[in-house]
Amino acid sequence: MQLVPVTQMLRAAEKGGYGIGSFSARNTYLIDAVLKGAQETKAPVIVQISANEFNWFDVTAKEFADRFYEVHGRYQGQAALHLDHTKDMDIIKAAIDAGFQSVMIDASQKSFEDNIAITREVVEYAHAKNVEVEAELGKIGATDKIETDNDESLYTDPAEAEEFVARTGVDTLAVSIGTAHGVYPVKNPKIDLERLAQIRKRVSIPLVLHGGSGLPPETVQAAITIPGGGVSKINIATDLEQAFLGSLGCQRKTNREIWQMDEKALAEAAEAVQRVVEDKITNFLLWKG
């Protein structure tokens, strides 16, 4: 696959009226499944992993990046490698050294001014190495603790978003409008599309929707297609893991444990993940191919 900047993908998505799936493989084995799904649908794709996932699944930034770069050339299309939720500058530096094209600094739990200062530091460091930066304003809650540690939500203020982007120079912005990480306790959580529209009026950089797993397609599509353009990067993690573990019939395992499992069972589980990726791209993200 051709490696392209995340923002290049997202700008094309904004113009085309579709979203880009940013899929958390969570282990190195499933990177292929994500890339295969993108190839089959002829869609651009972002492969990602978060700092908490490094810990949960006992995999390093270098191991994940090395696998991505080992296999991406086997497939057709466009791809990018992104580091999701991260609070530690050392982890961000390690990911950049490993070859991640985009990194996310999540200082949303800090005060507004501290978030700006921390994000600006990351932007200056990453941009000097031609790496793009995603940040978060507002708090996106979690129904599990893999991607984030906080289950509290605080919606993004549109005026603050405008100031935040201007003062940090960040490339993409994750906004909090009612989504959450993990499995939703209700079928269709309320998403504040009016707030999203107001943020878009004030912010010109690409917007990111976290917590895409479990949302009905009409909700995701409404967030993509609001007047003036909505979100263009949609993060999906839990749906992939559920398909994988559901096929294997087991609980979460480390990266090393996964590679030691039965090859036939793993291949079938990867196919289940690939089908989810293809379904999300085609039926959720409005990709026409």
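The values are calculated or read from the model by the stated rules, or taken from the named source; none is laboratory data. Only a predicted model underlies this, so the values are computations on that prediction, with no experimental measurement involved. All Cβ positions, glycine included, derive from the backbone under ideal geometry; neighbour counts span all protein chains shown. The area values use the complete protein model at the heavy-atom level, side chains included, leaving out ligands, DNA and RNA. Shrake-Rupley method; radii C 1.70, N 1.55, O 1.52, S 1.80 Å.
Below is a table of values for the structure above.
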read-out	value
Complete set of residues in region 214-244 that are in contact (Cβ under 8 Å) with a residue 12 or more places away in the chain and more than 19 Å from residue 48 (Cβ to Cβ)	216, 217, 219, 221, 222, 225, 226, 227, 228, 229, 230
Test result for residue 179, open to solvent by less than 50 Å² (accessible area, probe 1.4 Å) and modelled with pLDDT under 80	yes
Pair list, Cβ < 6 Å and 6+ apart or interchain, from region 72-101 residues that are over 17 Å from residue 44 (Cβ atoms) to residues that are among the charged types (D, E, K, R) and open to solvent by less than 40 Å² (accessible area, probe 1.4 Å)	85/106; 85/147; 87/106
Close pairs (8 angstrom Cβ cut-off, 6 or more residues apart or separate chains): farther than 15 Å from residue 54 by Cβ in region 245-258, part of a loop (DSSP other than H, G, I, E, B) and open to solvent by 60 Å² or more (accessible area, probe 1.4 Å) anywhere	245/251; 245/252
Selection within region 72-84 - buried (at least 16 other Cβ atoms within 10 Å of the Cβ) and out of contact with any strand residue (DSSP E or B) (no Cβ under 6 Å at 6 or more places or on another chain)	75, 77
Single unsatisfied condition, residue 201 versus (1) under 27 Å from residue 138 (Cα atoms); (2) open to solvent by less than 70 Å² (accessible area, probe 1.4 Å)	(2)
Meets criteria (among the small types (Gly, Ala, Ser), under 25 Å from residue 226 (Cβ atoms) and either modelled with pLDDT under 95 or out of contact with any strand residue (DSSP E or B) (no Cβ under 9 Å at 6 or more places or on another chain) (or both)) for residue 142	yes
Answer from 193, 215 - the residue that is modelled with pLDDT of 90 or more and of a type in the set (A, V, I, L, M, F, W, C)	193
Residues located in region 95-117, provided they are open to solvent by 50 Å² or more (accessible area, probe 1.4 Å) and farther than 19 Å from residue 235 by Cβ	97, 110, 111, 113, 114, 117
